[in-house]
Amino acid sequence: MEKERVFVVVIGADQKGIIARISTLLFENGANIEDVQQKVMDGTFVMTMLADVSGAKVGLAGLRKALEECGAAMGLTVMVHNEAVIKAMHRV
């Protein structure tokens, strides 16, 4: 099965449990986190995850909706970008 990878970007006020809730949501929906970077800059939490969603139980649209709802419940902005689209946009 070919991988379908997405970038999950999370931005907002730093608080306990962000990584736990986002990674648990991805796991419970059949996605696999392949890479993650996170940083807190002057009280603002910024995280980028690269996740393989080819096994997602709810499909990409359902996963995107679930992530956005999870983020909204925590006062965070969560964006999901398809890796292939990002690479195509930056191809020279």
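The values are calculated or read from the model by the stated rules, or taken from the named source; none is laboratory data. Keep in mind that this is a model prediction, so the values were computed, not measured. Cβ sites come from the backbone with ideal geometry, for glycine too, and all protein chains shown count toward neighbours.
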Do we have A56 as outside any helix (DSSP H, G or I), closer than 15 Å to I33 by Cβ, of a type in the set (A, V, I, L, M) and more than 10 Å from the chain's Cα centre (by Cα) here? yes
Subset of the range 1-50, residues under 21 Å from A61 (Cα atoms), in contact (Cβ under 8 Å) with a residue 24 or more places away in the chain, of a type in the set (V, I, T) and not in a helix (DSSP H, G or I), comes to V6, V8, V9, V10, I11, T48
Qualifying positions in the range 64-90 - touching an Asp or Glu at 6+ places or on another chain (Cβ under 9 Å) and in a strand (DSSP E or B): T77, V78, M79, V80, N82
Just checking, which of A84, A56 is surrounded by 18 or more Cβ atoms within 10 Å (Cβ to Cβ), farther than 22 Å from K16 by Cβ, at pLDDT below 95 and out of contact with any Cys (no Cβ under 7 Å at 6 or more places or on another chain)? A56
Test: A73 is hydrophobic (A, V, I, L, M, F, W, C) and surrounded by fewer than 11 Cβ atoms within 10 Å (Cβ to Cβ): yes
Residue by residue through the range 16-26, note down the ones that are exposed (fewer than 12 other Cβ atoms within 10 Å of the Cβ) and on the phi < 0 side of the Ramachandran plot. K16, A20
What is the one condition in (1) surrounded by 12 or more Cβ atoms within 10 Å (Cβ to Cβ); (2) touching an Asp or Glu at 6+ places or on another chain (Cβ under 9 Å); (3) not charged (D, E, K, R) that G43 does not satisfy? (1)
List pairs: first in the range 66-84 and more than 10 Å from V10 (Cα to Cα), second surrounded by 15 or more Cβ atoms within 10 Å (Cβ to Cβ) and among the acidic types (D, E), Cβ under 7 Å, 6+ apart or cross-chain? none
